[in-house]
Amino acid sequence: SMNDTPKALELLKKAYELAPEFREARIMYAGILIDQKQDALADEIVAPLLNDELAADQRLISAYLARKDFERIAKLWDARVRVLPQDSQARFALAASYHAAGQKQKSIEILEQAAKDIPEITAQAQELIRQIKAGTIQAQQ
């Protein structure tokens, strides 16, 4: 229940402090911090996760999504794209995050770069670009 949040926060903080290298504890602690709008601390806890392809963890995305924080969702997908440039789904998710954040031009640039880097998704990327420019795209959140 909601009034157990301080207790949960304390437990997750302890678990994280006991083993900061343990990814699960870090993600769960970050999730509750995001939920509690403790953004500065959450950013600090999330930062080390941005070095590998597992950055775009669904629990973090969900926590940010609940707050409509698309900029931070984009950061998670950006980390995955950096490490796994051939992951076309991550490219589309990154473009969608920027689009949801209102950054249409950035979204288009990401799709253009994706088409260059992964030729087999060119048609799909170009169609999305066309829809963004026409303002007809449906945000798939």
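The values are calculated or read from the model by the stated rules, or taken from the named source; none is laboratory data. Because the structure is predicted, anything quoted here is derived from the model rather than measured. Every residue, glycine among them, receives a Cβ derived from its backbone with ideal geometry; neighbour counts consider all protein chains shown. These area figures cover heavy atoms from the full protein model, side chains too; ligands, DNA and RNA do not enter into them. Shrake-Rupley method; radii C 1.70, N 1.55, O 1.52, S 1.80 Å.
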Residues of the range 9-112: accessible area per residue with a 1.4 Å probe, Å²:
52 Å²
The range 13-115, accessible surface, carbon-and-sulfur percent (1.4 angstrom probe)
54 percent
Whole percent per 5 Å bin, from 0 to the bin with the longest distance: what is P(r) over all C-alpha pairs of the range 43-141?
2, 15, 25, 23, 19, 11, 4, 1
Figure the gain on full extension for T5 and Q131 (residue separation times 0.36 nm, minus the Cα-Cα span) and round it to one decimal in nm.
41.2 nm
Cα-projected label distance for K106 with A123, points at 7 Å along beta-carbon direction, nm
3.1 nm
Using the Cα gyration tensor of the range 1-100, the equivalent ellipsoid's semi-axes, largest first and to the nearest Å, work out to 25, 16, 9
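Could you sort the peptides 126-135, 30-39, 73-82 by per-residue average Cβ neighbour count (10 Å cutoff), highest mean leading? All intermediate terms of the calculation are to be shown ahead of the outcome.
Details: 126-135: 13.6, 30-39: 18.3, 73-82: 22.1.
Packing order, densest peptide first, comes out as 73-82, 30-39, 126-135.
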Run the paramagnetic zone check for E71: 7 angstrom along Cα to Cβ, then residues of the range 107-135 with backbone nitrogen under 16 Å.
107
Projected onto their principal axes, the Cα atoms of the range 62-103 stretch, largest extent first, over whole-Å spans of 29, 19, 12
Just from the alpha-carbon atoms, what are the Rg and Dmax of the range 101-141 in angstroms?
10.0, 27
